[in-house]
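Worksheet: one structure, shown below.
All of the numbers you see were taken from the coordinates with simple rules; none came from a lab. Small disclaimer: the values here were computed from a predicted structure and weren't measured. Ideal geometry is used to build each Cβ from the backbone, glycine not excepted, and the neighbour counts take in all protein chains shown.
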Amino acid sequence: MTPDDLHPAIDPVRLDRLAETAVRVGLALKPGQPLVMTAPVEALPLVRRIAHHAYAAGASLVTPILSDPAVTLARFEAGSEASFDAAPGWLYDGMGQAFDGGAARLAVVGEDPMLLAGQDAARVSRVGKAQSVAYRPAMDRIVNFAVNWTIAAYPGAAWASRMFPDDAPAAAVGRLVEAIFAASRVDGPDPVAAWVRHNAALRARTEWLNGQRFDALRYSGPGTDLTIGLADGHEWHGGASQAKNGVLCNPNIPTEEVFTTPHARRVDGHVTSTKPLSHQGTLIDGIAVRFEAGRIVDARASRGGAVFAELLDTDEGARRIGEVALVPHSSPISASGLLFFNTLFDENAACHIALGQCYSKCFLDGATLSPAEIADRGGNSSVVHVDWMIGSGRLDIDGLRADGTRVPVFRAGEWAA
Ligand code: ZN
Ligand code: ZN
């Protein structure tokens, strides 16, 4: 890395700590493991430090795959109509093969969340769908947690300016830098120890929830009266989690959530989003949906409604939920008051649900279940997995046991016990 590659607002010491945290905590990369990494070109300073720490941890080969916003936009500026249904299936087949061969997966995010905001919604949706379908061989191994994987963030300049439009560009990057480093717990001299403590706190929550064996969660708050059945044999996860290859990794840097698999056919009532969702370059806000027997039968959004409707029509599973996650309103990312327009951060600011694909690891015996068994127990299936935020300081959640007993889980947005 040469000094002029790095934005002056980015402290190289903490950037290096973030790279080390991504490798040692996020991936817990093992000697001899190959690493497949995706990132925007702007994140090269972080990519290079990650490569250094990965090789220092014994990686056999680090393979970066870079994306560029100008190249992404070129398709919308000059691409033929047919190009909007094209996706590099060969690349994702190869990624799937790499995971089968033991490779770990690291994704660096940092691109402009509204890159495609001005583009035709139908074209954006076609690109997204083609991409999701082509990505399936790689995504299957990720959602089945076949290998250790993680996501980390780089403070991209366009992203920073979206978050802080009133600041000068350099000042905006500086504020995003601070927010990412704080949320990723790399501010202190020993981020690995900080993550050990954080993982222990999240584990105490998942152990309590797993001991309760709730049949359903009942949500009440402004615009929300919703009962979410939990999948049969569901298991709560949060923080560090063991992949099928035996590696205990942290799939998200940062993370504040505990989450499990809801029952795709036992969700009833209505729910209103509490934060905007940035999806494929479009901001979707004011979502209000009604569920019947797990299926969204009524959906509105005050902004980005066309893109939201296209999302729901992706496939049958896109109208059902595959994840339910609990995050206290006082979580550090929520307390920052910032909207990141990026799910990696925003989902950690509030309780959320995800439309689409479930995580098979969120079953007691998830590693041994076939797709048919997962579906039978209520696990949802889709080419999409899109989280959106339904938590706030005014949300109450009760756990419902099969015998009808109610146990307070959240009161006014915080853990009840
Ligand atoms: Zn989540
Ligand atoms: Zn999710």
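List of remarks:
- Around the Cα centre of region 176-238, unit charges on the Cβ atoms of Lys, Arg, Asp and Glu (plus for the first two, minus for the last two) sum to a dipole of about 120 debye.
- Rg(Cα) / (2.2 N^0.38 Å) computed for region 274-371, rounded to two decimals: 1.18
- Amide H contacts under 5 Å for Gln119: none, restricted to partners 5 or more places along the chain or on a different chain, H placed in the peptide plane at 1.01 Å from N.
- Taking other residues whose beta carbon is less than 15 angstrom from the beta carbon of Val147, and scoring Lys, Arg as +1 and Asp, Glu as -1, yields +3.
- Gaussian network model of the chain, Cα within-10 Å springs - most flexible of Thr150, Thr38, Thr63: Thr63
- Cα-based radius of gyration of region 74-187 once divided by 2.2 N^0.38 Å, which approximates compact folds: 1.30
- Projected over every direction and averaged, the convex hull enclosing the alpha-carbon atoms of region 3-50 yields 3.7 nm².
- For Phe363, nonlocal amide neighbours, meaning residues 5 or more places apart or on other chains whose placed amide H falls under 5 Å from its own, are Glu235.
- A convex hull fitted around the alpha carbon atoms of region 216-328 yields 131 Å³ per residue.
- Cut-off 13 Å between beta-carbons: net charge of the residues surrounding Ala350, Lys and Arg +1, Asp and Glu -1: -4
- Karplus-derived 3J(HN,Hα) values for region 104-109, using 6.51 cos²θ - 1.76 cosθ + 1.60 with θ = phi - 60°, are 8, 10, 10, 10, 9, 9 Hz; glycine and proline are entered as x.
- Calculated diffusion of region 1-106, Stokes-Einstein form, Kirkwood radius summed over Cα pairs, 4 °C and 1.567 mPa s, µm²/s: 84
- Rounded to the nearest Hz, the phi-derived 3J(HN,Hα) couplings of region 395-412 under the Karplus curve 6.51 cos²θ - 1.76 cosθ + 1.60 (θ = phi - 60°) are 9, 10, 10, 10, x, 10, 8, 4, 7, x, 5, 10, 10, x, 10, 10, 10, 6, where x marks glycine and proline.
- Eligible lysines near Lys275 by straight Cα distance, threshold 28 Å, same-chain separation 8 or greater: Lys129, Lys361
- Take the Cβ atoms of Glu207 and Leu6, set R0 to 51 Å, and the FRET efficiency comes out at 0.80.
- Debye equation applied to the C-alpha atoms of region 213-415, log10 I(q)/I(0) at 0.11, 0.14, 0.15, 0.16 Å⁻¹: -0.46, -0.78, -0.91, -1.05
- Dipole of the chain computed with +1 at Lys/Arg Cβ and -1 at Asp/Glu Cβ about the Cα centre; of Ala9, Trp208, Val41, farthest Cα towards the positive end is Trp208.
- Only helices enter this figure: runs of n ≥ 4 DSSP H residues, each worth -39500 (n - 2.57), summed and divided by the residues of the chain, yield -10000 deg cm²/dmol at 222 nm to the nearest 500.
- Distance from region 272-332 to region 161-199 (C-alpha centre basis), Å: 27
- The local environment of Asp313, defined by Cβ-Cβ distances under 11 Å, has a net charge of -1 under the rule Lys, Arg +1 and Asp, Glu -1.
- One compactness figure for the chain is 0.94, namely its Cα radius of gyration divided by 2.2 N^0.38 Å.
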